[in-house]
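Worksheet: the structure to be examined is printed underneath.
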Amino acid sequence: MIGVFDLFSKRQSTLRGEVPDVYVYDDIPQKLRVQIIHIIQSFTKKEHYDHGNFFETLHQVLCKEYGVFTLKQNKWDDDYNYEKIILEYLLKTDDFEHVLDIVEIFYKYFYNNNKKDLTEETFSEINHRFKESVK
């Protein structure tokens, strides 16, 4: 996992006091969504986990909870690559709470499947990215 880099521009932003004390999420910027996708893909590939099964399970859970048949953006597309469907949904959904749902389920799924240390490390990075995104 690559992790978080303490870039010069980030340090300067912190020094100028541009990092808030309270974080409110009512919108999740595109940049943060892309970073979350990179983190999720890096984690699932690094762990050599059957991530296809994870994404299919995630899709089933979310569809059931949201009362829909699919999260596919293009309903006419016959491709059922669940990783692609979930990550595209994360990238394009207008509902910021659905993005947080995906992140939460990702955490709980792997944390409960004996990946505690790596999951905590990964979510430390995700939390850091959330903090960075609030200006």
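Read the figures in this text as sums done on the coordinates, not as results from a lab. Treat the numbers as computed from the prediction; the structure is a model and nothing was measured. Don't worry about glycine lacking a Cβ; one is built from the backbone with ideal geometry, like all the others, and counts go over all protein chains shown.
Tabulated values for the structure
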quantity	calculated
Electrostatic dipole magnitude of the range 26-133 [Cβ: Lys, Arg +1; Asp, Glu -1; Cα centre; debye, to 20]	180 debye
Sites Asn127 and Phe69 - FRET efficiency at Förster radius 25 Å, r taken between beta-carbons, to 0.05	0.15
R0 of 25 Å, Cβ-Cβ distance Phe96-Glu120: FRET efficiency to nearest 0.05	0.55
Residues with amide H under 5 Å from that of Lys72, placed H, sequence gap 5 or more	none
Reachable aspartates and glutamates, given that their alpha-carbon falls under 19 Å from the alpha-carbon of Lys131 and they are not under 8 places away in the same chain	Asp6, Glu18, Asp21, Asp26, Asp27, Glu97, Asp101, Glu104, Glu120, Glu121
